[in-house]
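Below is one structure, written out as structure tokens; comments come after it.
The values are calculated or read from the model by the stated rules, or taken from the named source; none is laboratory data. Keep in mind it's a predicted model, so treat the numbers as computed, not measured. Cβ sites come from the backbone with ideal geometry, for glycine too, and all protein chains shown count toward neighbours.
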Amino acid sequence: MPREETNACARFIEELEPRPFQTLLDGWRSGRDRARQCLLQQFRLATLDAFEADELGPDLGAAGALLEYVREQKQSDLGHLRLPRRIQFEDALILGESTLRERPLFAAGSATPEAHA
């Protein structure tokens with residue numbers, strides 16, 4: 001196969017490869033004040049003090065932008081969402097998939113820890 005055809009085939013295959021879908025958002029959509037208002041409205045809260053929102057830094061803006069984006073995509077008020085939980089990594093042990101497969105962490109017949117809480 002000539003070199004030109006090989007390059008064309010390679011480009012065609014690259015175009016077929018799955019890539020993550022990206023949506024670029026304007027920076028103002030991830031601002032802290034906008035995010036705070038979005039989260040307060042969504043969860044019908046007076047403050048975000050219980051979530052220690054002041055310590056979240058840019059994560060607060062990301063949470064608000066994500067919530068707003070999902071609302072737009074679903075064209076819904078997302079009333080089924082529960083309050084978010086803040087997970088502190090120093091308070092948890094994170095197990096990889098292989099560990100979970102290899103260790104019988106839960107009673108026989110159950111695949112989730114919630115069943116044993």
> How many residues does the range 79-103 contain that are exposed (fewer than 10 other Cβ atoms within 10 Å of the Cβ), at pLDDT 75 or above and closer than 27 Å to R44 by Cα?
Replying inline: 4
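Give me a count of the residues in the range 17-38 that are of a type in the set (S, T, N, Q) and either modelled with pLDDT of 90 or more or not in a loop (DSSP other than H, G, I, E, B) (or both).
So in the range 17-38, the residues of a type in the set (S, T, N, Q) come out as 22-23, 30, 37.
The next check asks that each one be either modelled with pLDDT of 90 or more or not in a loop (DSSP other than H, G, I, E, B) (or both); those that pass are 30, 37.
Residues that pass the stated criteria total 2.
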> For residues in the range 39-78 being in contact with a Ser or Thr (Cβ under 8 Å, 6 or more places away or on another chain) and either modelled with pLDDT of 90 or more or among the aromatic types (F, W, Y) (or both), which is nearest to L25 (Cα to Cα)?
Replying inline: Y69
